[in-house]
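The block underneath contains the structure these notes are about, expressed in structure tokens.
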Amino acid sequence: MRIASLDFIGVNVTPKTNWSFLLLRTACGRTGIGECTLANQEPLLAAEAARLAANVAGEDARARNRLARLIPHAPGGLVAHSITSAFEQALWDVAGQEAGRPIHALLGGALRDAVPLYANINRGANPRTPEGFAAAARRAVAEGFCAVKLAPFEPLVWEDAADAAQRAAYAEGLARIAAVRDAVGRDIDVMVDAHWRFSPGGAARLVQDVAPFGLFWLECPVSEANHAAIRRLRSMANDRGMRLAGAETLAGLGAYRTIIEAGCYDVLMPDMKYAGGHEEIRRIATLAQTAGIEVAPHNPTGPVCHAHSVHLCATLPNLLPLEVQFGETDRFFTLVTGHDLRFVRGTATLAAEPGLGTALDEAAARLMPWQPMPRPWLDPRLG
């Protein structure tokens, strides 16, 4: 099962969103797929994919441990980690196809018949008013989701001048959270993603101000490197009945070991696209379990990352619900073929087909090439 080619393909799916994929083709005619979406980095992803393709051409696709080893200090940083992670995903896909078994079976077998999901309503909220967020939350609950997440504090960034506009953005964020909580009631879990927008002092105020909303977790309040502040914020959140979640852009077991040992988070959010793929996230989850830490993989992008994440999550004992992007675009379901990815009362069903069970509609994808994003969803300073 020799590797014949490795191709990058970027797809534009909304005015603010591109998805990026890696297609691995073998000499025996199999095609495996992985996702490497990294907003605003498509040219670098393509270049890194071409570099990797030249290095692995002719190699045995069964040699996953050697070919897809994540190098934490790779000069390419998160771009290189994204391509490595997608490559590892694609290798699992072709391995499952060869074995005639789904990926979750090759990972030791599923612990659950379906994977619980929570709805990230951030990109489906339109207008981006408290009422717009509340309406998106109600749609998610109507479809059977028992948990929703929003990122309510745009355009606030603490390094900007603390002027009236910043104070207004903060007040609007709190109003969005309040509207969502009122819309879904107290039986639905609500999570808030702060996208590293706050200083440690501002985040301490934030923990106090969101406590009345009874959040399930507060996510990424401050820079990932600020372990001392994160520990303090975790303690504050826990005292108010909230978990603290984060670490969505880290790569490799070593990076997660540091924050686990530092006691930073209640919930780790490794991303299939960045952390190293299936094997590395299973190692991360195992280490987290020894510290009593739960895992809820980050998964707000395209259908291929979602499909791989479902296989992975089916095997993790310390799992909290898996993230899905809710209401952004129907292309999440129509750009792929094979196993039906549509949500079933807030859960994802497990594929029984060999490998990933999901394939990219290449013809449709190539009709929508990726586009530069002058106004992406997230301020480029935030990641």
Of the residues Ala307, Ala365, Ala351, Ala359, which single one is crowded, with 19+ Cβ neighbours inside 10 Å and under 18 Å from the mean Cα position of the chain (by Cα)? Ala307
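Any idea which of Phe198, Phe213 is at pLDDT 95 or above, in contact with a strand residue (DSSP E or B) (Cβ under 7 Å, 6 or more places away or on another chain) and of a type in the set (Phe, Trp, Tyr)?
Answer to the check: Phe213.
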Selection from the range 30-46 of residues that are surrounded by 14 or more Cβ atoms within 10 Å (Cβ to Cβ) and in a helix (DSSP H, G or I): Glu42, Leu44, Leu45, Ala46
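Is it the case that the range 279-291 has a residue that's assigned to a loop (DSSP other than H, G, I, E, B), crowded, with 23+ Cβ neighbours inside 10 Å and either modelled with pLDDT under 95 or of a type outside the set (S, T, N, Q) (or both)? Break it down into steps so the answer makes sense when it comes.
Quick first cut of the range 279-291, residues assigned to a loop (DSSP other than H, G, I, E, B) only: 291.
This time we only want the ones that are crowded, with 23+ Cβ neighbours inside 10 Å, so: none.
Among the residues of the range 279-291, not one is assigned to a loop (DSSP other than H, G, I, E, B), crowded, with 23+ Cβ neighbours inside 10 Å and either modelled with pLDDT under 95 or of a type outside the set (S, T, N, Q) (or both), which makes the answer no.
Being in a strand (DSSP E or B) and not aliphatic (A, V, I, L, M) is true for just one of Thr337, Thr301, Thr329. Which residue is that? Please lay out each step first, then the result.
On the way: Thr301 fails: in a strand (DSSP E or B); Thr329 fails: in a strand (DSSP E or B).
On inspection, the qualifying residue turns out to be Thr337.
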Could you tell me whether the range 109-117 includes any residue that is in a loop (DSSP other than H, G, I, E, B), within 26 Å of Phe326 (Cα to Cα), in contact with a His (Cβ under 6 Å, 6 or more places away or on another chain) and among the hydrophobic types (A, V, I, L, M, F, W, C)? yes
If I go through the range 173-202 residue by residue, how many of them are touching a residue at least 24 places away in the same chain (Cβ under 8 Å), open to solvent by 10 Å² or more (accessible area, probe 1.4 Å), in a helix (DSSP H, G or I) and not acidic (Asp, Glu)? 10
Subset of the range 157-181 (residues that are β-branched (Val, Ile, Thr) and closer than 12 Å to Arg197 by Cα): Val157
In this structure, is Trp92 aromatic (Phe, Trp, Tyr) and open to solvent by 60 Å² or more (accessible area, probe 1.4 Å)? no
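Taking Arg66 as the residue in question, decide whether it is open to solvent by 10 Å² or more (accessible area, probe 1.4 Å) and not in a helix (DSSP H, G or I). Quick ask: steps written out before the conclusion?
Working: open to solvent by 10 Å² or more (accessible area, probe 1.4 Å): yes; not in a helix (DSSP H, G or I): no.
Against the criterion (open to solvent by 10 Å² or more (accessible area, probe 1.4 Å) and not in a helix (DSSP H, G or I)), Arg66 does not qualify.
The values are calculated or read from the model by the stated rules, or taken from the named source; none is laboratory data. Since the structure is predicted, the reported quantities are computational estimates derived from the model, not experimental observations. Reconstructed Cβ throughout: ideal geometry from the backbone, glycine too, with neighbour counts over all protein chains shown. To get the accessible areas, we keep the full protein, side chains included, count just its heavy atoms, and leave off ligands, DNA and RNA. Shrake-Rupley method; radii C 1.70, N 1.55, O 1.52, S 1.80 Å.
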